[in-house]
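Novice: Would you mind keeping the following structure in view while I ask a few things?
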Amino acid sequence: MQKFTTENKEGGTQPKWGPIVIVVLIVLAVLIVIFNSFTVVNEGFIGVKYQFGKIVGQNLSAGLNFHLPFIEEIQQVDTREQVYPVTTDAYTSDTQTVDSLQLKLNYCYDGTKLPEIIRTIGVNNVESKLLVPNVAKISKDEIGKVKAEDLVQNRSTVQNAIFNSLKETLEPQGIIVTAFAIENLSFDDAFEQSIQAKVIAAQDALKMQNKTAEKEEEAKQKVIAAQAEADSQKIKADAEAYAIEAVQKQLTQSPNYIEYMKIMNWDGVLPQAIGTEINPFIALDGVTSGNLTNSGNTTPNTTPSGN
């Protein structure tokens, strides 16, 4: 292999470095061009391609994307959900002041309208030019439509109204509203105490209603029990009346029915009687006649003595 050499003053030779340097520079230039021809777009971002400041490409997907070096560039825009918090004051329809009203908006960019946002507003100016004025204004307007007490008791209703209004306002401008929350609201101490007292009174009233309902239910149960007892007595009385009616009917048809009933219910023991017909003594305990004395049943001898 032939080397490039030059002769020195002493008559020797030395290598020629000029061509080698040129080759190295060319290789470096090629590498620089290659490295500047690609840009990596991260997950959760989209790439926007500019050519001398003009948007010539949008919605470049995550991964390696090509662009002309030194002529085009690719900028990444975060399209993930973002959170915008704000603290402000508001007034209700009954002129109560809502202090330290803390709101939170969740949003992301509409990829199809992102170039328009970049041209007209700029991604870095979205919060200051779109979110700050609209979130505060719409929230105050919706809160101003309700009374303070309703705002406390129906916060979710007001929250949904603000959410829907923000969607109608911001989505045409390329901002997708994903969630909205009223995280905190407070009133002056006197109003909060009155609300608390009213809530306690409502709870007490509910307890009394429950007790009243319980008493009414107990009374109903007693009425039902009494009615059941009355029905039972009526059925019993009807049964007895029917039995009496049946007996009377039988007596009418058979006069000897009573004698028949006596015989059917007789235990086989005959009653015993001693004494006179005027003052008899009846033994019903089954004592036999042998155990009875009749000394008191005879008339004493009253024959007069002869004179």
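The values are calculated or read from the model by the stated rules, or taken from the named source; none is laboratory data. Just so you know, these numbers come straight off a predicted model, no measurement behind them. All Cβ positions, even for glycine, are placed from backbone atoms using ideal geometry, and neighbour counts span all protein chains on display. Just so you know, the surface numbers come from the protein's heavy atoms only, side chains and all, with ligands and any DNA or RNA stripped out. Shrake-Rupley method; radii C 1.70, N 1.55, O 1.52, S 1.80 Å.
Novice: For the range 110-122, what are the residues that are farther than 30 Å from SER156 by Cβ and in a loop (DSSP other than H, G, I, E, B)?
Specialist: Passing the criteria: ILE121, GLY122.
Novice: I would also like to ask the following. Residues in the range 144-159: is at least one among the aliphatic types (A, V, I, L, M), open to solvent by 20 Å² or more (accessible area, probe 1.4 Å) and under 28 Å from the mean Cα position of the chain (by Cα)? Steps first, answer last, please.
Specialist: Start the filter on the range 144-159 by keeping residues that are among the aliphatic types (A, V, I, L, M), which leaves 146, 148, 151-152, 158.
Filter once more, keeping what is open to solvent by 20 Å² or more (accessible area, probe 1.4 Å): 146, 152.
Narrowing further to those that are under 28 Å from the mean Cα position of the chain (by Cα): 146, 152.
Scanning the range 144-159, I find at least one residue that is among the aliphatic types (A, V, I, L, M), open to solvent by 20 Å² or more (accessible area, probe 1.4 Å) and under 28 Å from the mean Cα position of the chain (by Cα), so the answer is yes.
Novice: Report yes if some residue within the range 63-70 is modelled with pLDDT under 85, open to solvent by 80 Å² or more (accessible area, probe 1.4 Å) and among the aliphatic types (A, V, I, L, M); otherwise report no.
Specialist: The answer is yes, given that some residue of the range 63-70 is modelled with pLDDT under 85, open to solvent by 80 Å² or more (accessible area, probe 1.4 Å) and among the aliphatic types (A, V, I, L, M).
Novice: Then there is this: Any idea which of (1) of a type in the set (A, V, I, L, M, F, W, C); (2) touching a helix residue (DSSP H, G or I) at 6+ places or on another chain (Cβ under 7 Å); (3) open to solvent by 50 Å² or more (accessible area, probe 1.4 Å) is the one ILE55 doesn't satisfy?
Specialist: Among (1) of a type in the set (A, V, I, L, M, F, W, C); (2) touching a helix residue (DSSP H, G or I) at 6+ places or on another chain (Cβ under 7 Å); (3) open to solvent by 50 Å² or more (accessible area, probe 1.4 Å), ILE55 violates only (3).
Novice: Still on this structure: Evaluate the following for PRO19: is it modelled with pLDDT of 80 or more, over 30 Å from ILE182 (Cβ atoms), open to solvent by less than 50 Å² (accessible area, probe 1.4 Å) and not in a strand (DSSP E or B)?
Specialist: On the way: modelled with pLDDT of 80 or more: yes; over 30 Å from ILE182 (Cβ atoms): yes; open to solvent by less than 50 Å² (accessible area, probe 1.4 Å): no; not in a strand (DSSP E or B): yes.
Criteria not met by PRO19.
Novice: Let me ask another. Identify, please: which residue in the range 174-190 is crowded, with 17+ Cβ neighbours inside 10 Å and not in a strand (DSSP E or B) and is, among those, modelled with the lowest pLDDT?
Specialist: Selected residue: PHE187.
Novice: Right, here's the next one. Does the range 87-95 include one or more residues that are in contact with a strand residue (DSSP E or B) (Cβ under 6 Å, 6 or more places away or on another chain), outside any strand (DSSP E or B) and either within 15 Å of ILE175 (Cα to Cα) or not aliphatic (A, V, I, L, M) (or both)?
Specialist: Within the range 87-95, none of the residues are in contact with a strand residue (DSSP E or B) (Cβ under 6 Å, 6 or more places away or on another chain), outside any strand (DSSP E or B) and either within 15 Å of ILE175 (Cα to Cα) or not aliphatic (A, V, I, L, M) (or both).
Novice: From LEU105, LEU166, LEU101, grab the single residue that is part of a helix (DSSP H, G or I) and more than 30 Å from ILE34 (Cα to Cα). Steps first, please.
Specialist: Values: LEU105 fails: part of a helix (DSSP H, G or I); LEU101 fails: part of a helix (DSSP H, G or I).
It is LEU166.
Novice: If VAL33 passes every condition in (1) part of a helix (DSSP H, G or I); (2) at pLDDT 80 or above but one, which one does it miss?
Specialist: Here VAL33 clears every test but (2).
Novice: OK, next. Can you go through TYR107, TYR91, TYR84 and tell me which one is open to solvent by 70 Å² or more (accessible area, probe 1.4 Å), in contact (Cβ under 8 Å) with a residue 24 or more places away in the chain and under 30 Å from GLN153 (Cβ atoms)?
Specialist: Numbers: TYR107 fails: open to solvent by 70 Å² or more (accessible area, probe 1.4 Å); TYR84 fails: open to solvent by 70 Å² or more (accessible area, probe 1.4 Å).
Exactly one residue qualifies, and that residue is TYR91.
Novice: Please determine, by comparing only the residues of the range 123-156 that are part of a helix (DSSP H, G or I) and of a type in the set (Lys, Arg), which one is farthest from THR79 (Cα to Cα). Give the derivation first.
Specialist: Just the residues of the range 123-156 that are part of a helix (DSSP H, G or I), to begin with: 123-143, 148-153, 155-156.
Adding the requirement that they be of a type in the set (Lys, Arg) leaves 129, 137, 140, 155.
Values: LYS129: 18, LYS137: 25, LYS140: 28, ARG155: 30 Å.
If we take residues in the range 123-156 being part of a helix (DSSP H, G or I) and of a type in the set (Lys, Arg), then ARG155 is farthest from THR79 (Cα to Cα).
Novice: When the range 225-250 is examined, which residues are found to be under 54 Å from the mean Cα position of the chain (by Cα), open to solvent by less than 80 Å² (accessible area, probe 1.4 Å) and among the aliphatic types (A, V, I, L, M)? Spell out how you get there, then give the answer.
Specialist: First pass over the range 225-250, keeping only residues under 54 Å from the mean Cα position of the chain (by Cα): 225-236.
Okay, now just the ones that are also open to solvent by less than 80 Å² (accessible area, probe 1.4 Å), so 225-226, 228, 230-232.
Correct list: ALA225, ALA226, ALA228, ALA230.
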